[in-house]
Amino acid sequence: MFLIRSKRRPGRAIATLFTAVLLVTGCASVDFKRTDTDAGTFRSSAWAVTVLGIDLPSKALMVARANASDSGMVNMEVTAETQRPYLGRFNWILSIFSIRYARIEGTWGFPSQEQGHGKTN
C-alpha cells in the first residue's frame, strides 16, 4: 500500500533546489569572425548562477574570458565588457540569488600591413 505522509520535508526541497541550480549553473559561447587572413574579431558570452554569494560555476565574466582564452587564438585583446544585471550601489542584492550574463568583445591575430600606404626612402 502507498503511505501518505502529512509532514513536508524541508531537506528534500533544499536538495531539489540545489540540484536544479547545479543543472543550470552555466552556459558559454564564443564566436569568431575573420577580418583578415591572420586576424579578426571575437565575442564570448556566459551565464552564471549566484546563490548566497557563491557563483556557479564561476563568475560569468571569468567564464566568458576563459572560454575565449581556451580557443587558442593568438594576440587576443578585449575591447569591451558587459555584465547584466547591474544595480549600482544595490548590487549586493544580486549576491543572494541571481542569474548573471557577461559578454566580452575584442580582436585577435595580427592584421597584415596594407601595401602602398607608406613610403620608404
Using a 1.4 angstrom probe with every protein chain in place, what is the largest-first accessible-area order of ILE93, ILE104, ILE14? ILE14, ILE93, ILE104
ARG84 paired with ALA15, simple spin-label distance in nm, labels 7 Å along Cα-to-beta-carbon: 3.7
Which value, in Å² and to the nearest 10, is the accessible area of SER69 when all protein chains are kept and the probe is 1.4 Å? 80
State the percent of C-alpha pairs, over all pairs in segment 27-103, separated by a distance greater than 17 angstrom. 48
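The values are calculated or read from the model by the stated rules, or taken from the named source; none is laboratory data. Quick caveat, the model's predicted, so the values are computed rather than measured. Cβ atoms come from the backbone with ideal geometry, glycine included; neighbour counts cover every protein chain shown. Accessible surface areas use protein heavy atoms only, side chains included; no ligands, DNA or RNA. Shrake-Rupley method; radii C 1.70, N 1.55, O 1.52, S 1.80 Å.
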